[in-house]
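This report concerns only the one structure given below.
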Amino acid sequence: MITNFSYIDENYRRILENVNDSIAKYRNSSESVKVMAVTKFVQPEAINHAIGLGIDTLGENRVQEYLSKKDLYKSAEMHFIGRLQTNKVKYIIDDMALIHSVDSLKLAQEVNRLACKHNKVQDVLIEVNIANEETKAGILPSELKSFLQEVSTLENLKVKGLMTLPPPNSGEKFLAKMQELYIDISQEKLDNINMSILSMGTSGDYPQAIKYGSTLVRIGTALFGARNYHI
Ligand SMILES: *Cc1c(COP(=O)(O)O)cnc(C)c1O
């Protein structure tokens with residue numbers, strides 16, 4: 001068990017520097033990009049250290065792990081980014097400011113039903129399977145518009161944008177494709193669909209993701225080091 005977390009200071013400093021470099025190089029200087037800390041397999045003390053440095057948004061992948069750790073976290077905005085089974089929505093619906101991983105109508109309907117029951121409007125992103133990978137979750141690009149039209153009728157669910165996780169080491173082509181899709185959908189101005197968040201970029205590609213319009217990067221390894229799957 002690690003107890004000295006000063007390595008996170010240096011990692012975080014480098015991440016901010018890379019984010020700011022990418023914004024300066026590729027984006028309008030008035031734009032900002034949110035840096036989320038991805039918490040899977042990371043001990044709560046390390047997460048709290050990152051919160052102490054200024055991280056204000058946490059990304060949770062796994063319901064069980066989240067439930068076992070959440071009471072130990074300092075205060076932060078909670079986002080769900082992992083695959084979400086419909087029968088587990090009830091455990092997280094009260095806590096999540098944003099669910100990034102809505103990837104089916106069945107899940108959207110269950111989130112809507114429980115949000116209604118809990119008197120909230122749940123902000124969500126739609127996960128896009130940008131590379132049409134067979135084993136990956138997410139809505140296919142060709143089906144995105146009709147999917148959005150369907151979920152736009154759900155009254156306790158508010159679509160705020162899109163999320164994607166391109167295949168590892170696939171370079172920039174899927175980031176570019178995702179940006180194109182995001183802009184296309186924004187320009188459609190679909191009723192009740194808001195396109196203000198593009199959640200794209202992880203430790204391996206966040207500077208490039210920012211080049212292609214990401215507004216929120218999800219960082220695990222580059223912040224906390226390689227995951228220890230045995231904790
Ligand atoms: C694990 C994970 C990340 C972070 O990946 P790193 O390579 O550790 O930065 C981002 N998004 C999702 C959906 C993840 O599951």
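Return yes or no: is residue 35 closer than 14 Å to residue 217 by Cα and not small (Gly, Ala, Ser)? It is true that residue 35 is closer than 14 Å to residue 217 by Cα and not small (Gly, Ala, Ser).
Conditions (1) away from the ligand (no atom under 16 Å from the Cβ); (2) within 14 Å of the chain's Cα centre (by Cα), marked per residue:
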| residue | (1), (2) |
| --- | --- |
| 69 | no, no |
| 79 | no, yes |
| 122 | yes, no |
| 135 | no, no |
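Looking at 106, 117, 158, just one residue is basic (Lys, Arg) and within 18 Å of the chain's Cα centre (by Cα), and that residue is 158. Scan region 8-62 for residues that are in contact with a strand residue (DSSP E or B) (Cβ under 9 Å, 6 or more places away or on another chain) and of a type in the set (D, E, K, R) and the total you get is 4.
The rows are residues; the columns are (1) within 15 Å of the ligand (Cβ to nearest atom); (2) at pLDDT 95 or above; (3) in contact with a Pro (Cβ under 8 Å, 6 or more places away or on another chain).
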site: 20; (1), (2), (3): no, yes, no
site: 23; (1), (2), (3): no, yes, no
site: 31; (1), (2), (3): no, no, no
site: 40; (1), (2), (3): yes, yes, no
site: 55; (1), (2), (3): yes, yes, no
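Does residue 231 satisfy being within 16 Å of the ligand (Cβ to nearest atom) and modelled with pLDDT of 95 or more? Taking the combined requirement at face value, the residue does not satisfy it. Residues of region 185-223 that are buried (at least 18 other Cβ atoms within 10 Å of the Cβ) and at positive phi: 201, 213.
For region 145-159, filtered to residues that are in a helix (DSSP H, G or I) and of a type outside the set (A, V, I, L, M), the residue that is surrounded by the most Cβ atoms within 10 Å (Cβ to Cβ) is 147. Listed conditions (1) free of Cβ contacts under 8 Å to residues at least 40 places away in the same chain; (2) under 17 Å from the mean Cα position of the chain (by Cα); (3) within 30 Å of residue 181 (Cα to Cα) are all met by residue 111, apart from (1). Looking only at region 139-179, filter to residues that are acidic (Asp, Glu) and more than 24 Å from residue 207 (Cβ to Cβ); which one of those is farthest from the ligand (Cβ to nearest atom)? Selected residue: 155.
Only one of the numbered conditions (1) more than 11 Å from the ligand (Cβ to nearest atom); (2) at pLDDT 95 or above is violated by residue 220, and that is (1).
Assigned to a helix (DSSP H, G or I) and charged (D, E, K, R): does that describe residue 31? Taking the combined requirement at face value, the residue does not satisfy it. Would you please name the residue that is farthest from residue 131 (Cα to Cα), looking only at residues in region 200-226 that are of a type in the set (D, E, K, R) and within 15 Å of the chain's Cα centre (by Cα)? So the residue we want is 218. With respect to (1) in contact with a strand residue (DSSP E or B) (Cβ under 8 Å, 6 or more places away or on another chain); (2) within 16 Å of the ligand (Cβ to nearest atom); (3) over 22 Å from residue 38 (Cα atoms), the lone exception for residue 193 is condition (2).
Listed by first and then second residue, the pairs linking a residue in region 144-161 that is closer than 12 Å to residue 194 by Cα and modelled with pLDDT of 95 or more to a residue that is part of a loop (DSSP other than H, G, I, E, B) and of a type in the set (Gly, Ala, Ser), with Cβ atoms under 9 Å apart and 6 or more places separating them unless they lie on different chains, are 159/152.
The values are calculated or read from the model by the stated rules, or taken from the named source; none is laboratory data. Please read these numbers as outputs of a predicted model, since none were measured by experiment. Neighbour counts run over all protein chains shown; Cβ positions are idealised from the backbone, glycine included.
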